[in-house]
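First comes the structure, then the notes that go with it.
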Amino acid sequence: MFIEQIEQRLSVRTYQNRPLNHEDQIKINQILNQNKNCIGPFGSSIHPFFVAENTDKEQEKIGTYGFIKNAPSFFGATTKNSKNELIDFGYIFEKVILELTQHNFGTVWLGGTFHRSQFSHYISNDLFIPAISPVGYEDNKSITEKMIRIAAKSDRRKKISEFVFVNHFFNTYLENDLNLNKIFRYVQLAPSASNKQPWRFLVEGNQIHLYLERTPKYAEKLPFDIQYLDMGIAIYHLECSMKDLKTKYEIKVLNNPYTHHPLEYIISFVLHEGFIS
(Lines give C-alpha, C1' and ligand atoms only; values in the text may rest on other atoms or scores of the structure.)
Protein backbone atom coordinates (compact mmCIF):
# COMPACT_ATOMS: atom_id res chain seq x y z
CA MET A 1 0.00 0.00 0.00
CA PHE A 2 2.65 2.54 -1.07
CA ILE A 3 4.38 2.64 2.32
CA GLU A 4 7.77 3.25 0.76
CA GLN A 5 6.30 5.95 -1.47
CA ILE A 6 4.74 7.74 1.53
CA GLU A 7 8.12 7.74 3.25
CA GLN A 8 10.02 9.04 0.23
CA ARG A 9 7.50 11.26 -1.57
CA LEU A 10 8.46 14.91 -1.93
CA SER A 11 6.63 17.67 -3.76
CA VAL A 12 8.48 18.18 -7.05
CA ARG A 13 8.37 21.71 -8.45
CA THR A 14 11.38 21.62 -10.80
CA TYR A 15 11.51 19.08 -13.61
CA GLN A 16 14.01 18.00 -16.21
CA ASN A 17 13.47 20.07 -19.33
CA ARG A 18 12.45 17.20 -21.57
CA PRO A 19 9.14 15.64 -22.62
CA LEU A 20 7.80 12.36 -21.32
CA ASN A 21 8.75 9.44 -23.54
CA HIS A 22 6.02 7.46 -25.25
CA GLU A 23 6.19 4.50 -22.86
CA ASP A 24 5.82 6.76 -19.83
CA GLN A 25 2.85 8.56 -21.34
CA ILE A 26 1.20 5.17 -21.83
CA LYS A 27 1.98 4.22 -18.20
CA ILE A 28 0.49 7.47 -16.86
CA ASN A 29 -2.66 7.01 -18.93
CA GLN A 30 -2.95 3.42 -17.66
CA ILE A 31 -2.76 4.60 -14.04
CA LEU A 32 -5.37 7.29 -14.65
CA ASN A 33 -7.71 4.92 -16.47
CA GLN A 34 -7.41 2.28 -13.75
CA ASN A 35 -8.41 4.85 -11.14
CA LYS A 36 -11.56 5.88 -13.00
CA ASN A 37 -13.19 2.91 -11.31
CA CYS A 38 -11.83 3.69 -7.84
CA ILE A 39 -14.50 4.59 -5.28
CA GLY A 40 -13.79 6.86 -2.33
CA PRO A 41 -15.02 6.31 1.24
CA PHE A 42 -18.24 8.25 0.51
CA GLY A 43 -19.02 6.28 -2.63
CA SER A 44 -18.05 8.63 -5.45
CA SER A 45 -15.41 8.50 -8.17
CA ILE A 46 -13.38 11.08 -10.09
CA HIS A 47 -12.93 11.75 -13.81
CA PRO A 48 -9.19 12.05 -14.58
CA PHE A 49 -7.60 13.69 -17.61
CA PHE A 50 -4.05 13.96 -18.92
CA VAL A 51 -2.38 16.88 -20.75
CA ALA A 52 0.60 15.23 -22.40
CA GLU A 53 2.62 18.21 -23.62
CA ASN A 54 3.20 21.68 -22.20
CA THR A 55 5.40 24.64 -23.01
CA ASP A 56 6.54 27.45 -20.74
CA LYS A 57 3.90 29.65 -22.38
CA GLU A 58 1.20 27.11 -21.64
CA GLN A 59 2.33 26.92 -18.01
CA GLU A 60 1.87 30.67 -17.73
CA LYS A 61 -1.68 30.27 -19.02
CA ILE A 62 -2.28 27.53 -16.47
CA GLY A 63 -1.11 29.95 -13.79
CA THR A 64 2.03 28.37 -12.37
CA TYR A 65 4.12 31.51 -13.16
CA GLY A 66 7.47 30.03 -12.20
CA PHE A 67 6.11 28.14 -9.21
CA ILE A 68 6.45 25.02 -11.36
CA LYS A 69 9.42 24.82 -13.72
CA ASN A 70 9.80 22.73 -16.88
CA ALA A 71 6.84 20.43 -16.21
CA PRO A 72 6.35 18.43 -19.44
CA SER A 73 2.74 17.47 -18.67
CA PHE A 74 -0.14 17.79 -16.22
CA PHE A 75 -2.95 15.58 -15.04
CA GLY A 76 -6.09 16.40 -13.12
CA ALA A 77 -9.62 15.24 -12.51
CA THR A 78 -13.15 16.55 -12.15
CA THR A 79 -15.83 15.94 -9.55
CA LYS A 80 -18.85 17.65 -8.00
CA ASN A 81 -18.36 20.58 -5.65
CA SER A 82 -19.80 19.04 -2.50
CA LYS A 83 -18.35 17.84 0.79
CA ASN A 84 -18.44 14.08 0.18
CA GLU A 85 -17.22 14.30 -3.40
CA LEU A 86 -14.33 16.56 -2.41
CA ILE A 87 -13.24 14.15 0.33
CA ASP A 88 -13.41 11.27 -2.14
CA PHE A 89 -11.42 13.34 -4.65
CA GLY A 90 -8.62 13.87 -2.11
CA TYR A 91 -8.61 10.16 -1.31
CA ILE A 92 -8.41 8.95 -4.94
CA PHE A 93 -6.11 11.71 -6.22
CA GLU A 94 -3.59 10.94 -3.47
CA LYS A 95 -3.78 7.26 -4.45
CA VAL A 96 -2.88 8.30 -8.02
CA ILE A 97 -0.04 10.52 -6.77
CA LEU A 98 1.47 7.60 -4.85
CA GLU A 99 1.10 5.23 -7.81
CA LEU A 100 2.96 7.72 -9.98
CA THR A 101 5.61 8.08 -7.27
CA GLN A 102 6.00 4.30 -7.32
CA HIS A 103 6.94 4.59 -11.00
CA ASN A 104 9.45 7.40 -10.29
CA PHE A 105 7.37 10.27 -11.65
CA GLY A 106 7.58 13.64 -9.92
CA THR A 107 4.31 15.30 -8.89
CA VAL A 108 2.94 18.01 -6.60
CA TRP A 109 -0.62 18.86 -5.55
CA LEU A 110 -1.89 22.16 -7.00
CA GLY A 111 -5.25 23.21 -5.57
CA GLY A 112 -5.20 26.99 -5.59
CA THR A 113 -2.34 28.02 -7.86
CA PHE A 114 -3.72 27.35 -11.32
CA HIS A 115 -6.33 28.73 -13.70
CA ARG A 116 -9.21 26.28 -13.98
CA SER A 117 -10.46 28.01 -17.12
CA GLN A 118 -7.52 26.55 -19.05
CA PHE A 119 -9.01 23.08 -18.56
CA SER A 120 -12.63 24.03 -19.32
CA HIS A 121 -12.86 21.51 -22.18
CA TYR A 122 -12.47 18.70 -19.64
CA ILE A 123 -15.44 19.94 -17.60
CA SER A 124 -19.01 18.82 -18.23
CA ASN A 125 -22.36 19.24 -16.53
CA ASP A 126 -22.01 20.24 -12.86
CA LEU A 127 -18.40 19.08 -12.46
CA PHE A 128 -15.31 21.17 -11.68
CA ILE A 129 -11.57 20.67 -11.11
CA PRO A 130 -10.42 20.78 -7.45
CA ALA A 131 -6.74 20.05 -8.18
CA ILE A 132 -4.17 19.21 -10.82
CA SER A 133 -0.55 18.06 -10.71
CA PRO A 134 2.42 18.39 -13.02
CA VAL A 135 3.97 15.05 -13.84
CA GLY A 136 7.44 14.50 -15.19
CA TYR A 137 11.02 13.65 -14.33
CA GLU A 138 12.44 15.34 -11.25
CA ASP A 139 15.38 17.61 -11.97
CA ASN A 140 18.64 16.04 -10.83
CA LYS A 141 19.59 17.21 -7.37
CA SER A 142 22.52 16.44 -5.14
CA ILE A 143 22.16 13.84 -2.43
CA THR A 144 22.84 16.54 0.15
CA GLU A 145 20.03 18.74 -1.14
CA LYS A 146 17.59 15.85 -1.10
CA MET A 147 18.53 15.05 2.48
CA ILE A 148 17.96 18.69 3.43
CA ARG A 149 14.53 18.62 1.81
CA ILE A 150 13.56 15.43 3.63
CA ALA A 151 14.76 16.87 6.95
CA ALA A 152 12.86 20.11 6.35
CA LYS A 153 9.73 18.14 5.50
CA SER A 154 9.96 16.31 8.81
CA ASP A 155 10.58 19.49 10.78
CA ARG A 156 7.44 21.14 9.41
CA ARG A 157 5.18 18.29 10.46
CA LYS A 158 3.01 18.45 13.53
CA LYS A 159 3.86 16.02 16.27
CA ILE A 160 1.42 13.14 16.42
CA SER A 161 0.43 14.36 19.89
CA GLU A 162 -0.76 17.62 18.30
CA PHE A 163 -3.43 15.96 16.17
CA VAL A 164 -4.29 12.73 18.01
CA PHE A 165 -6.39 12.68 21.18
CA VAL A 166 -7.54 9.80 23.35
CA ASN A 167 -11.10 9.53 24.73
CA HIS A 168 -11.67 13.31 24.66
CA PHE A 169 -10.10 16.34 23.01
CA PHE A 170 -8.38 17.49 26.16
CA ASN A 171 -6.34 14.33 26.50
CA THR A 172 -3.38 13.91 24.15
CA TYR A 173 -1.96 10.47 23.59
CA LEU A 174 1.17 9.27 25.33
CA GLU A 175 4.33 9.95 23.31
CA ASN A 176 5.61 6.43 24.02
CA ASP A 177 2.47 4.68 22.77
CA LEU A 178 4.06 2.55 20.06
CA ASN A 179 0.76 1.37 18.62
CA LEU A 180 -0.51 4.89 17.99
CA ASN A 181 2.87 5.96 16.66
CA LYS A 182 2.64 3.16 14.10
CA ILE A 183 -0.94 3.97 13.15
CA PHE A 184 -0.48 7.70 12.66
CA ARG A 185 3.06 7.78 11.29
CA TYR A 186 1.83 7.83 7.70
CA VAL A 187 -0.83 10.44 8.39
CA GLN A 188 1.92 12.62 9.84
CA LEU A 189 3.70 12.40 6.46
CA ALA A 190 0.60 13.22 4.41
CA PRO A 191 0.55 16.34 2.22
CA SER A 192 -2.03 19.07 2.84
CA ALA A 193 -2.89 22.46 1.40
CA SER A 194 -0.19 24.93 2.52
CA ASN A 195 0.92 22.20 4.97
CA LYS A 196 -1.88 23.22 7.38
CA GLN A 197 -2.44 19.58 8.47
CA PRO A 198 -6.04 20.25 9.57
CA TRP A 199 -6.83 16.64 10.52
CA ARG A 200 -7.66 15.79 14.13
CA PHE A 201 -8.25 12.28 15.44
CA LEU A 202 -10.14 11.08 18.49
CA VAL A 203 -9.30 7.52 19.57
CA GLU A 204 -11.90 5.65 21.64
CA GLY A 205 -11.13 2.00 22.27
CA ASN A 206 -11.35 0.30 18.88
CA GLN A 207 -12.63 3.41 17.07
CA ILE A 208 -10.70 6.24 15.42
CA HIS A 209 -12.76 9.30 14.52
CA LEU A 210 -11.54 11.88 12.01
CA TYR A 211 -12.38 15.59 12.39
CA LEU A 212 -11.58 18.70 10.41
CA GLU A 213 -10.20 21.72 12.25
CA ARG A 214 -10.45 24.47 9.66
CA THR A 215 -7.78 27.13 9.40
CA PRO A 216 -9.63 30.44 9.97
CA LYS A 217 -10.03 32.53 6.79
CA TYR A 218 -7.79 30.15 4.84
CA ALA A 219 -8.36 30.03 1.05
CA GLU A 220 -11.66 31.91 1.33
CA LYS A 221 -11.41 33.11 -2.28
CA LEU A 222 -11.35 29.61 -3.71
CA PRO A 223 -14.66 28.36 -5.13
CA PHE A 224 -14.60 25.25 -2.90
CA ASP A 225 -13.51 24.06 0.54
CA ILE A 226 -9.95 22.92 -0.19
CA GLN A 227 -9.47 21.42 3.27
CA TYR A 228 -11.98 18.69 2.45
CA LEU A 229 -9.33 17.40 0.04
CA ASP A 230 -6.98 17.12 3.02
CA MET A 231 -9.54 14.94 4.78
CA GLY A 232 -9.54 12.49 1.88
CA ILE A 233 -5.75 12.41 1.89
CA ALA A 234 -5.72 11.69 5.63
CA ILE A 235 -8.22 8.85 5.22
CA TYR A 236 -6.11 7.24 2.49
CA HIS A 237 -2.91 7.50 4.53
CA LEU A 238 -4.61 6.04 7.60
CA GLU A 239 -5.84 3.17 5.44
CA CYS A 240 -2.27 2.56 4.27
CA SER A 241 -1.22 2.33 7.92
CA MET A 242 -3.97 -0.15 8.73
CA LYS A 243 -3.10 -2.37 5.80
CA ASP A 244 0.62 -2.17 6.54
CA LEU A 245 -0.13 -3.30 10.11
CA LYS A 246 -2.48 -6.01 8.76
CA THR A 247 -5.25 -4.58 10.91
CA LYS A 248 -8.81 -5.43 9.93
CA TYR A 249 -11.15 -2.46 9.97
CA GLU A 250 -14.21 -0.91 8.43
CA ILE A 251 -14.94 2.72 7.63
CA LYS A 252 -18.30 4.16 8.60
CA VAL A 253 -20.08 7.43 9.27
CA LEU A 254 -21.60 7.45 12.76
CA ASN A 255 -25.20 8.57 13.18
CA ASN A 256 -24.52 10.41 16.42
CA PRO A 257 -20.81 11.24 16.55
CA TYR A 258 -19.20 13.11 19.39
CA THR A 259 -19.04 16.81 18.53
CA HIS A 260 -16.55 19.38 19.69
CA HIS A 261 -16.73 22.96 18.41
CA PRO A 262 -15.21 24.12 16.10
CA LEU A 263 -14.21 20.67 14.81
CA GLU A 264 -16.32 19.05 12.09
CA TYR A 265 -16.82 15.30 12.26
CA ILE A 266 -15.89 13.51 9.03
CA ILE A 267 -15.75 9.70 9.37
CA SER A 268 -14.67 6.83 11.64
CA PHE A 269 -12.45 3.76 11.44
CA VAL A 270 -13.75 0.81 13.45
CA LEU A 271 -10.92 -1.64 14.18
CA HIS A 272 -11.62 -5.30 14.77
CA GLU A 273 -9.06 -5.13 17.59
CA GLY A 274 -8.64 -2.10 19.83
CA PHE A 275 -5.28 -0.42 20.28
CA ILE A 276 -6.19 1.47 23.43
CA SER A 277 -6.38 -0.34 26.75
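General remarks:
- Subset of the range 96-110 (residues that are within 24 Å of ASP126 (Cβ to Cβ) and not in a loop (DSSP other than H, G, I, E, B)): VAL96, LEU110
- When GLU213, GLU239 are checked against the criterion of being farther than 15 Å from TYR186 by Cα, among the acidic types (Asp, Glu) and not assigned by TED's automatic domain parsing to the domain that holds LYS83, GLU213 stands alone in meeting it.
- Of the numbered criteria (1) at negative phi; (2) assigned to a loop (DSSP other than H, G, I, E, B); (3) not small (Gly, Ala, Ser), the one GLU264 fails is (2).
- Residue in the range 129-141 that is touching an Asp or Glu at 6+ places or on another chain (Cβ under 9 Å), of a type in the set (D, E, K, R) and modelled with pLDDT of 80 or more present: no
- Qualifying residue in the range 73-85 (condition: of a type in the set (Gly, Ala, Ser) and under 11 Å from the mean Cα position of the chain (by Cα)): no
- The residues in the range 246-275 that are surrounded by fewer than 16 Cβ atoms within 10 Å (Cβ to Cβ), of a type outside the set (Val, Ile, Thr) and over 15 Å from HIS168 (Cα atoms) can be counted, and the count is 10.
- Among residues of the range 1-53, those that are of a type in the set (Phe, Trp, Tyr) and either more than 15 Å from PHE75 (Cβ to Cβ) or exposed (fewer than 14 other Cβ atoms within 10 Å of the Cβ) (or both), counted: 2
- Condition met for GLN227 (of a type in the set (S, T, N, Q) and within 21 Å of ASN81 (Cα to Cα)): yes
- Residues of the range 178-212 classified as touching a Pro at 6+ places or on another chain (Cβ under 7 Å) and closer than 30 Å to ILE132 by Cβ, total: 2
- Within the range 1-26, the set of residues being farther than 19 Å from ARG157 by Cα and in contact (Cβ under 8 Å) with a residue 24 or more places away in the chain comprises MET1, PHE2, ARG13, THR14, TYR15, GLN16, ASN17, ARG18, PRO19, LEU20, ASP24, GLN25.
- Meets criteria (under 22 Å from LYS246 (Cα atoms), in contact with a helix residue (DSSP H, G or I) (Cβ under 6 Å, 6 or more places away or on another chain) and touching a residue at least 40 places away in the same chain (Cβ under 8 Å)) for LEU180: no
The values are calculated or read from the model by the stated rules, or taken from the named source; none is laboratory data. Everything quoted here is computed from the prediction, not taken from an experiment. Because the Cβ atoms are built from the backbone with ideal geometry, glycine has one as well, and the counts that use them run over all protein chains shown.
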